[in-house]
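Below is one structure; the comments refer to it alone.
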Amino acid sequence: MRQYIIAIDQSTSSTKALLFDEQCHMLGRTNVDHRQYYPKTGWVEHDAEEIYQNMVEAIRKLMEEVRGKVEEGAFSLAITNQRETAVVWNKQTGKPIAKAVVWQDTRGAQLCRELKELGYTRQVSAKSGLLIDPNFSASGVKWLLDNIEGARDAATRGELLMGTIETWLIWKLTGGRTFATDHTNASRTMLFNIHTMDWDDDLLRLFDIPRSMMAEILPCDAVYGETTVEGIFSQPIPIAGVLGDSHGALVGQMCFTKGSGKVTYGTGSSVMVNIGEEPQDAPEGLVTSVGFSAFGKVYYGFEGNIYSTGATLKWIADQLQLVGHPSEMEALATSVEDNGGVYIVPAFSGLGAPWWQSDVKGAVFGLTFATTKAHFLRAALESIAYQIKDLVDVMARATGGRLNEICADGGPTKNKFLMQFQADMLDTPVVCTEVDDASALGAVIMNGFARGLWKSFDEVIGLRKVTDTYQPNAQRSALNAQLYEGWRQAVKQLITKN
């Protein structure tokens, strides 16, 4: 019987359902957007119940789309998700106590500053591998417990559960029978010890979060339960293969060996490199996370996160309405020879790695009467490449020098100007693969490992198919260095002003 895997890619802006066969060929794809809530400056929220309903709807649409187009077979479900976004819900009613605190949300910034001032930076980093920052789940969860009426008492009574999005989805899909997370998502909460591979009691006490709220932690290649997806399937299908989206891309890009790495271009961007089976102290500006876990082993990664890359393009299209869709930006951006001296620093939710400045706000530098919409759009695209270079330079030094290549995935990789500019900025080839949704492919691979479809990394590594390789233009090196220096000066001006 043929095996089909439905991969749920639950991202910051939407929920995708993708159907793959046992050869990792994508057979169908649906997408349902969800609403973004910005109730106060610096706050970013999602409706967890809307996300769950959208996931069900995406699967329903997918199955309708492929009906009659695929042979009869057995189905299973894999999940990859936006990380750090935290949901707190009542296990008796099944209802969230408030909207989910999104990873971009900065309401925990004051708490994080206080913890740094009290000298907890070293302890938190040594245990969790992370920097104290509102990007990670812990400060947002503490804020909910401290500020939602009755939440702290309910948590003390053991009535509340906490989880990142995949935990919430699995709990809902299984009717509350499975309350679990995976190693990768757990490692992004600032409550997980990357050495003991368990929730850390000291960190839980530091953020005043009861251990009773925390989920069981499983490997990425585990079976998490069964579901009918609200009756879409007449018989329960297994949920197997779960990991955070950036980690999914690391697996989907087949970065199974130490020193291999990738860049995911999404709402934000993640640069991650596999550092092997032993956790290491990350260099300044980076963090150490669980890269993935499979076949009884744990593989760690250095990572840096950028808050606004694809989100910048979406902001230009949706909020400023300078274009109808981000896909229209390339033609306009390439209609001018350069950025006209314009630099956009998209610190909408602060600056992530390697700057880690959560309090700054976005800014535009270099505007003149000669600035056109095309210059502005070009500067927005260039800001993505500059931010990636900030991280890759740090990562290259940490891993012993220049990287041989960067594996790229995500929607913005369709923008040929951006990819070529990225290769030029890095002076490194940028390799794009056949599957844009590398995170979903990573979840599919973990699903296959969990259910015995593949018995080793070598069995799937040959499935990676390169579609485009962008070689750096050596003749532009001096100009690129000048452009990048302009970016660095813009960022320094912004940080100094704050």
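Along Cα→Cβ, 7 Å out, is where each label goes; now give me the distance between the ones at Phe369 and Asp146 in nm to one decimal.
Inter-label distance under the simple model: 5.1 nm.
Order the following by accessible area, largest value first: Leu144, Leu218. Probe radius 1.4 Å; ligands, DNA and RNA are ignored.
Leu218, Leu144
Counting only pairs 8 or more places apart or on different chains, how many lysine pairs in the range 1-111 have C-alpha atoms closer than 18 Å?
4
List, in order, the whole-Hz ³J(HN,Hα) value for each residue of the range 184-198 obtained from phi through the Karplus relation with A = 6.51, B = -1.76, C = 1.60 and θ = phi - 60°; use x for Gly and Pro.
5, 5, 4, 6, 10, 8, 6, 10, 10, 8, 6, 9, 8, 6, 8
Hey, if you put +1 on the Cβ of every Lys and Arg and -1 on every Asp and Glu Cβ in the range 217-291, which of Val287, Thr264, Thr227 ends up farthest toward the positive end of that dipole?
My answer, from the dipole projection, is Thr264.
Based on Cα positions only, what radius of gyration and what Dmax would you give for the range 148-306, in angstroms?
Values for the range 148-306 (Cα only, Rg and Dmax): 16.7, 52 Å.
Working out 0.36 nm times the residue gap between Gln471 and Thr257, then minus their Cα-Cα distance, what length gain in nm do you get to one decimal? Mind dumping the intermediate values first?
Values: separation 214, 0.36 × 214 = 77.04 nm, distance 2.32 nm.
Full extension from Gln471 to Thr257 adds 74.7 nm.
Between Asp21 and Phe417, what is the FRET efficiency for a Förster distance of 30 Å, r being their Cβ-Cβ separation, to the nearest 0.05? Can you show the working numbers first?
On the way: r = 34 Å, r/R0 = 1.13.
After rounding to 0.05, the efficiency reads 0.35.
Could you give the length gained on full extension between Glu50 and Ala478, defined as 0.36 nm per residue of separation minus the Cα-Cα distance, in nm? Please list the in-between numbers first.
Numbers: separation 428, 0.36 × 428 = 154.08 nm, distance 4.93 nm.
So the chain would gain 149.1 nm between Glu50 and Ala478.
Take every Cα pair under 8 Å in the range 289-379 that's 6+ residues apart, average their separations, divide by the length, and report that relative contact order as a whole percent.
Once normalised by length, the contact order is 27 percent.
Could you compute Rg(Cα) / (2.2 N^0.38 Å) for the range 363-498, with N its residue count? Please report the intermediate quantities before stating the final value.
Details: Rg = 18.5 Å, N = 136, 2.2 N^0.38 = 14.2 Å.
Dividing the Cα Rg of the range 363-498 by 2.2 N^0.38 Å gives 1.30.
Charges at C-beta only: +1 for Lys and Arg, -1 for Asp and Glu. How large is the resulting dipole of the range 146-190 about its Cα centre, in Debye rounded to 20?
Around 160 debye, computed over the range 146-190.
Shape call for the range 175-228 from the C-alpha gyration tensor, a ≥ b ≥ c root eigenvalues: rounded (a/c under 1.5), prolate (a/b greater than b/c) or oblate?
oblate
Given a 1.4 angstrom probe, I'd like the percentage of the accessible area of the range 240-310 that is carbon and sulfur, rounded to a whole number. Kindly include the intermediate steps, with their values, before the conclusion.
On the way: 750 of 1680 Å².
In the range 240-310, the share of accessible area belonging to carbon and sulfur is 45 percent.
Report, largest value first, the span of the C-alpha coordinates of the range 74-192 along each principal axis, in whole Å.
52, 34, 22
Is the range 340-428 best put as rounded, prolate or oblate by its Cα gyration tensor, with a ≥ b ≥ c the root eigenvalues, rounded for a/c under 1.5, and otherwise prolate when a/b is larger than b/c, oblate when not?
oblate
Return the tail of the calculated pair distribution for the chain, meaning the percent of Cα-Cα pairs more than 42 Å apart.
13 percent
Only four residue types carry charge here, +1 at the Cβ of Lys and Arg and -1 at the Cβ of Asp and Glu. Report the dipole size of the range 67-186 about the Cα centre in Debye, rounded to the nearest 20.
Around 80 debye, computed over the range 67-186.
Can you give the Rg and Dmax of the range 122-195 based on its C-alpha atoms, in angstrom?
13.5, 40
Leaving out ligands and nucleic acids, note down the accessible area per residue over the range 303-396 with a 1.4 angstrom probe, in whole Å².
Ligands and nucleic acids excluded, the figure is 37 Å² per residue.
Short version: ³J(HN,Hα) in whole Hz for each residue of the range 130-147, in order, from phi by Karplus 6.51 cos²θ - 1.76 cosθ + 1.60 (θ = phi - 60°), x for Gly and Pro, what are they?
Listing the rounded values in order: 10, 8, 6, 7, x, 4, 8, 5, 4, 5, x, 5, 4, 4, 4, 5, 7, 10 Hz.
Please report the relative contact order for the chain, taking Cα pairs under 8 Å with a sequence separation of at least 6, and give it as a percent rounded to a whole number.
Result for the chain is 14 percent.
So what's the gap between the Cα centers of the range 284-348 and the range 131-179, to the nearest angstrom?
For the range 284-348 versus the range 131-179, the Cα centre distance is 28 Å.
With each pseudo-label sitting 7 Å past Cα toward Cβ, what's the Ser456-Arg488 distance in nm, one decimal?
About 4.5 nm, to one decimal.
Using a 1.4 Å probe over the heavy atoms of the protein chains, calculate the carbon and sulfur portion of the accessible area of the range 336-406 as a whole percent.
51 percent
Kindly work out what percent of the DSSP beta bridges joining two residues of the chain are antiparallel, to the nearest 5.
70 percent
Please report, in cubic angstrom per residue, the volume enclosed by the convex hull of the alpha-carbon atoms of the range 10-166.
Convex hull of Cα atoms, per residue: 147 Å³.
Quick check for you: with a 1.4 Å probe and neighbouring chains kept, what is the accessible area per residue of the range 64-123, in Å²? Display every interim value, and only then the final one.
Details: 2930 Å² over 60 residues.
For the range 64-123, the solvent-accessible area averages 49 Å² per residue.
For the range 290-342, which GluC sites (Glu not before Pro) are in a loop by DSSP, counting at most 14 other Cβ atoms within 10 Å?
On the way: sites: Glu303, Glu328, Glu330, Glu337; in loops: Glu337.
Listed in order of number, the matching sites are Glu337.
Whose amide H sits under 5 Å from the amide H of Ala408, counting only residues 5 or more places off or on another chain, with H placed in the peptide plane?
Val263, Val431, Cys432, Thr433
Under the rule of -39500 (n - 2.57) per DSSP H run of 4 or more residues, summed and divided by the residues of the chain, what mean residue ellipticity at 222 nm is obtained, to the nearest 500 deg cm²/dmol?
Mean residue ellipticity at 222 nm (helix-derived): -10000 deg cm²/dmol.
Whole number in Å², please: accessible area per residue of the range 145-218, 1.4 Å probe, ligands, DNA and RNA not counted.
About 35 Å² of surface per residue is accessible.
The values are calculated or read from the model by the stated rules, or taken from the named source; none is laboratory data. Please read these numbers as outputs of a predicted model, since none were measured by experiment. Don't worry about glycine lacking a Cβ; one is built from the backbone with ideal geometry, like all the others, and counts go over all protein chains shown. We work out accessible area using only protein heavy atoms, side chains counted, and drop any ligands, DNA or RNA first. Shrake-Rupley method; radii C 1.70, N 1.55, O 1.52, S 1.80 Å.
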